[in-house]
1. Name every residue in the range B:119-175 that is of a type in the set (D, E), in contact with an Asp or Glu (Cβ under 8 Å, 6 or more places away or on another chain) and facing chain A (nearest Cβ under 9 Å), in order of residue number.
2. Can you work out which of the residues in the range A:94-103 that are within 50 Å of the chain's Cα centre (by Cα) and more than 7 Å from every other protein chain (Cβ to nearest Cβ) is modelled with the highest pLDDT?
3. May I ask you to say which residue of B:N117, B:N104 is modelled with pLDDT under 90 and either within 22 Å of A:R88 (Cα to Cα) or in contact with a helix residue (DSSP H, G or I) (Cβ under 7 Å, 6 or more places away or on another chain) (or both)?
4. So which pairs qualify, if the first residue must be in the range A:80-98 and part of a loop (DSSP other than H, G, I, E, B), the second must be at pLDDT 80 or above and among the small types (G, A, S), the Cβ gap must be under 6 Å, and the two must be at least 6 apart or on different chains?
5. Given (1) modelled with pLDDT under 85; (2) out of contact with any helix residue (DSSP H, G or I) (no Cβ under 8 Å at 6 or more places or on another chain); (3) under 23 Å from A:G226 (Cβ atoms), where does A:Q378 come up short, assuming only one miss?
6. For the range A:261-291, give me each residue that is touching a strand residue (DSSP E or B) at 6+ places or on another chain (Cβ under 7 Å) and either assigned to a helix (DSSP H, G or I) or of a type in the set (F, W, Y) (or both).
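The values are calculated or read from the model by the stated rules, or taken from the named source; none is laboratory data. A quick note: this is a predicted structure, and the numbers were derived from the prediction, not measured. Counting neighbours? That spans all protein chains shown, and the Cβs are built from the backbone with ideal geometry, glycine included.
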Amino acid sequence: MEGAWEIAFVFFQVWLSIVVGLIMLPAMFGVSLGFTDIYIKVLVKTLEWATLRIQRGQKEQAALPSQSANGIIEKDDGSMQEEIGELRRSHPKNLAGGDFTLCDAFYFCKKGIENIVEDQVTQRFTSEELASWNLLTRTNNNFCYISLRLTIIWGLGVFIRYCILLPLSVKNWLSDLVHITCYRICARGLSATIRYHNKENRPKKGGICVANHTSPIDIVILANDGCYAMVGQVHGGLMGVLQRSIVRSCPHVWFERSEMKDRHAVAKRLKDHIADKTKLPILIFPEGTCINNTSVMMFKKGSFEIGGTIYPVAIKYDPQFGDAFWNSAKYNMVSYLLRMMTSWAIVCNVWYLPPMTRQDGEDAVQFANRVKSAIAHQGGLVDLSWDGGLKREKVKESLKEEQQKMYSSMIIGSDFNEASVGPA
Amino acid sequence: MGSRASSLLREEDIEEIKKETGFSHSQITRLYSRFHSLDKGENGALSREDFQRIPELAINPLGDRIINAFFPEGTNKKYTAREDQVNFRGFMRTLAHFRPVEDNEKNKDLTSGEPLNSRTNKLHFAFQLYDLDRDDKISRDELLQVLRMMVGVNISDEQLGSIADRTIQEADTNGDMCISFSEFTKVLEKVDVEQKMSIRFLH
């Protein structure tokens with residue numbers, strides 16, 4: 001038995017040096033040996049082959065619908081006016097009365113049932129459904145294999161970050177390098193392949209970078225290509241440890257949870273930060289929560305009131321290789337990170353959009369919507385005006401009142417003569 | 001995800017639902033995924049709160065009336081274990097009213113005789129949106145209440161009262177100041193109910 005252990009140990013050493021030599025060191029120096037690209041290509045071929053095999057095997061099941069429709073129904077997108085107008089055309093109208101007919105309820109009824117079957121909002125808070133599954137939820141063997149390899153790499157990354165790179169972060173000029181390096185190692189640990197587009201529009205010092213939010217990995221993705229100051233809450237636990245380690249190499253703007261409630265204090269701190277042109281650009285996710293990367297939801301106007309130049313960034317993950325979305329209502333951070341480690345790869349595209357500033361006569365909300373549309377358009381995401389906060393909270397009454405108001409104007413919009421109350 | 005949820009639905013159940021509602025196999029499994037994703041408590045049944053969580057439904061002026069349609073009075077054990085919960089069969093039964101009519105050819109052997117998505121049954125569904133106490137009559141009071149739901153605070157009581165009076169006069173043929181189901185049907189005989197109360201389910 002002793003002999004076997006020794007051999008195992010030797011193998012382990014060899015393997016470790018391979019790992020360090022081929023993955024860690026190139027990562028630190030930003031050199032790609034092209035392994036990741038090859039890995040991705042192999043992965044795509046494997047997934048395609050596997051999908052074909054399954055499709056041949058399962059004909060009845062239709063678990064993989066060949067048509068692109070992931071939806072259950074086909075909706076009419078007519079407005080309230082159009083739909084109710086159509087309903088009323090065939091109804092003999094009593095001109096003396098207001099414009100109400102019993103069939104008006106049909107419109108609300110149909111819309112309601114359509115929304116019960118399929119709505120625009122709740123689907124954004126769960127993982128996107130793929131037309132073909134990507135082997136992640138079924139195969140157990142490969143699961144374990146990949147997990148071991150990646151967990152060790154990640155562990156090494158943490159080790160290197162804490163014990164080697166941190167002490168180095170004394171000098172300013174080195175801290176930039178350190179910053180990018182640790183994130184690069186993180187990215188390698190996650191098998192992330194990131195394509196950056198339009199690097200000339202990269203956020204500059206003294207500006208604010210806004211991006212759509214899908215997962216905590218967004219930060220790793222962006223920090224791989226630049227230094228940012230983060231805004232966020234001080235966390236306890238694992239996150240807190242990570243946060244504090246990052247702080248040493250880069251100035252950030254952290255808030256206590258209680259401070260976050262005071263919008264003016266937050267705004268003031270941010271204003272001071274960007275006024276100083278030597279400070280790093282601030283990274284903000286205006287949606288306020290993780291969305292599943294099929295849409296961009298309402299941008300909170302806070303970041304757009306501060307002034308300064310906004311550098312929009314669109315991040316789109318390729319869903320084929322792994323689901324990056326963090327459903328914080330369902331999974332905690334640790335189980336999420338574990339899932340990320342064990343997904344095949346994280347492939348994503350990052351587009352840097354040209355900087356935008358608030359124009360005259362535009363208020364913060366309009367500016368926020370303008371930026372949101374630009375990001376949605378670039379990333380191929382659906383542009384929604386629903387609040388991401390609906391993940392956890394109820395919808396505002398005022399939206400219902402808007403619907404009621406719209407309908408009321410249809411009833412009394414036409415000339416309504418109150419005098420003629422007698423029988424028709 | 002979808003594939004996991006469908007394993008909780010047995011083939012016999014799917015067959016029964018198919019017979020009762022006329023939905024296809026794949027439609028039933030897809031709707032089951034949807035049912036499952038709405039069922040936050042994961043207890044195999046939906047409560048009113050589960051429906052309210054859909055933002056677009058919560059802002060629908062008749063949202064509460066539509067949700068109510070899923071919870072029929074009295075507990076028919078097939079569809080609800082408790083009065084305030086509806087199981088998947090009950091869910092499908094209600095949705096079946098909105099299947100387009102031309103899909104009827106497949107279901108000639110329904111036990112109830114008339115398919116759930118017939119014109120009459122669609123009209124009856126709409127009728128029950130107005131008939132709050134389920135006594136098969138729409139009284140002036142009930143009509144006023146539903147109108148109030150639809151218009152909110154934007155129309156005064158007098159105006160709304162006039163609208164209600166006029167609507168009842170238009171429809172009422174036997175002079176009892178209420179709208180019965182047959183009167184309701186008569187008034188709407190020219191409306192394309194089949195199209196307006198149908199949803200295009202993808203196969």
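1. Initially, the range B:119-175 is screened for residues of a type in the set (D, E), giving B:131, B:133, B:135-136, B:141-142, B:157-158, B:165, B:170, B:172.
Okay, now just the ones that are also in contact with an Asp or Glu (Cβ under 8 Å, 6 or more places away or on another chain), so B:131, B:133, B:142, B:158, B:172.
B:E158 - this is the single residue of the range B:119-175 that is of a type in the set (D, E), in contact with an Asp or Glu (Cβ under 8 Å, 6 or more places away or on another chain) and facing chain A (nearest Cβ under 9 Å).
2. Here is the first cut: in the range A:94-103, the residues within 50 Å of the chain's Cα centre (by Cα) are A:98-103.
Next, from what is left, pick out any that are more than 7 Å from every other protein chain (Cβ to nearest Cβ): A:99, A:101.
Working: A:D99: 79, A:T101: 86.
For the range A:94-103, the residue satisfying everything is A:T101.
3. Going through B:N117, B:N104 in turn, just one is modelled with pLDDT under 90 and either within 22 Å of A:R88 (Cα to Cα) or in contact with a helix residue (DSSP H, G or I) (Cβ under 7 Å, 6 or more places away or on another chain) (or both): B:N117.
4. none
5. (1)
6. A:V266, A:R269, A:L270, A:H273, A:I274, A:F285
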